[in-house]
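What follows is one structure encoded as structure tokens, with my remarks underneath.
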Amino acid sequence: MTMNYHILGGTGIEVSAYCLGTMMFGAAGNPDHDMCIQIIRTALDRGINFVDTADMYSDGESEQIIDAYWVADRRALLRFRTEQPPYSLLARGIESSVLPICQQLGMGVLTWSPLAWGFLSGRYREARNIDLTVGRPALAPHRFDPALPGNAEKFQAVERLTELAASAGCSLPELAVAFPMAHPAVTSVIIGPRTMQQLQDLLDGASLALKDDILDQIDQIVPPGTNLYKPDEAWSLPALADPARRRRPFAERAAA
């Protein structure tokens with residue numbers, strides 16, 4: 001695989017097309033610190049040059065793992081954290097407003113959850129029995145429960161996207177991660193592997209460039225600008241929850 005690099009908006013910072021997301025480091029995903037450090041090391045060796053982290057990831061444990069790596073290896077590591085919009089094959093509302101504005105203003109865009117919270121991992125299929133007590137389904141059963149009418153369209157889309165990936169000669173996760181990178185406004189996509197194998201599988205598809213015929217078929221399965229999956233349930237913008245922050249003048253909000 002060949003890792004591509006892009007300039008992040010007008011910052012002059014060169015970032016890899018993939019960013020290593022560390023939400024799965026620690027109790028929320030992989031509690032093995034040594035393995036997580038090895039994932040960081042492998043990601044850097046394979047061309048990733050920055051890491052996404054936040055104090056909410058396993059209540060700070062993820063940041064502790066990153067710090068332990070930094071102390072042990074002391075290699076250049078750009079720890080980059082900003083507010084990224086979700087963008088995946090199933091969550092495409094960003095195409096209708098956010099991406100066009102960012103492209104017009106020359107802003108860099110980092111997107112998260114390309115696998116739609118695991119829905120596009122290939123693990124959850126309509127025809128298979130889904131255990132809602134383990135893994136991602138245990139954290140949010142309503143997102144995966146095939147008995148709920150709202151999930152039927154997602155499962156149907158996953159089946160069609162799985163077939164499309166096979167015809168394109170790639171896996172569903174590779175297709176899912178390559179899709180947001182095909183948009184000219186997207187600078188980098190955050191991947192969040194929990195295991196070394198997941199990292200390897202995603203990196204193996206880093207040089208995958210989707211051709212127009214594949215993108216056209218994706219548009220037929222999930223029309224541009226529509227959402228089958230509501231990623232905003234995972235995180236809410238603080239400004240939307242506080243009426244005062246939406247109504248006060250900018251100077252007052254900045255001083256608060």
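The values are calculated or read from the model by the stated rules, or taken from the named source; none is laboratory data. Predicted, not measured: the structure shown is a model, and the values here were computed from it. Note that we place each Cβ from the backbone using ideal geometry, even for glycine, and neighbour counts take in every protein chain shown.
Name the single residue that is surrounded by the most Cβ atoms within 10 Å (Cβ to Cβ) among those in segment 82-131 being acidic (Asp, Glu) and either part of a loop (DSSP other than H, G, I, E, B) or within 15 Å of the chain's Cα centre (by Cα) (or both).
Taking the candidates together, the pick is Glu126.
Report yes if Met35 is within 24 Å of Gln197 (Cα to Cα), modelled with pLDDT of 90 or more and outside any loop (DSSP other than H, G, I, E, B), otherwise no.
Against the criterion (within 24 Å of Gln197 (Cα to Cα), modelled with pLDDT of 90 or more and outside any loop (DSSP other than H, G, I, E, B)), Met35 qualifies.
Scan segment 38-55 residue by residue and report those that are surrounded by fewer than 21 Cβ atoms within 10 Å (Cβ to Cβ) and not in a loop (DSSP other than H, G, I, E, B).
Within segment 38-55, Gln38, Arg41, Thr42, Leu44, Asp45 meet the criteria.
Which residue pairs have Cβ atoms under 7 Å apart, sit 6 or more places apart or on different chains, and have a first residue in segment 191-220 that is closer than 21 Å to Asn30 by Cα and a second that is charged (D, E, K, R) and surrounded by 15 or more Cβ atoms within 10 Å (Cβ to Cβ)?
Filtered contacts from segment 191-220: Leu203/Arg46.
Looking only at residues that are over 16 Å from Thr111 (Cβ atoms) and of a type in the set (Phe, Trp, Tyr) in segment 1-25, which one is surrounded by the most Cβ atoms within 10 Å (Cβ to Cβ)?
The extreme case among them is Phe25.
Considering only residues that are charged (D, E, K, R) and without any contact (Cβ under 8 Å) to a residue 60 or more places away in the chain, look in segment 133-180 and name the one that is farthest from Ala209 (Cα to Cα).
Asp145
Give me the pairs: first residue in segment 40-58 and closer than 18 Å to Gly26 by Cβ, second residue at pLDDT 90 or above and of a type in the set (A, V, I, L, M, F, W, C), beta-carbon distance under 6 Å, and six or more apart or on different chains, which are they?
Ala43/Leu20; Val51/Leu20; Asp52/Cys19; Asp52/Ile190; Thr53/Ile66; Tyr57/Met23; Ser58/Ala27
Where in segment 147-236 are there helices (runs of 4 or more DSSP H), lying fully within it, with 2 or more residues that are farther than 25 Å from Gly106 by Cβ and of a type in the set (Val, Ile, Thr)?
149-168, 212-221
Look through segment 175-210, keep the residues that are out of contact with any helix residue (DSSP H, G or I) (no Cβ under 7 Å at 6 or more places or on another chain) and within 19 Å of Val158 (Cβ to Cβ), and return whichever of them is surrounded by the fewest Cβ atoms within 10 Å (Cβ to Cβ).
My answer is Gln198.
Every residue in segment 1-30 that is hydrophobic (A, V, I, L, M, F, W, C) and in a loop (DSSP other than H, G, I, E, B), please.
Listed by number, the residues that qualify are Met1, Met3, Leu8, Ile13, Ala17, Met23, Met24, Ala27, Ala28.
Restricting attention to segment 185-196, does a residue exist that is among the basic types (Lys, Arg) and at pLDDT 90 or above?
Yes - at least one qualifying residue is present in segment 185-196.
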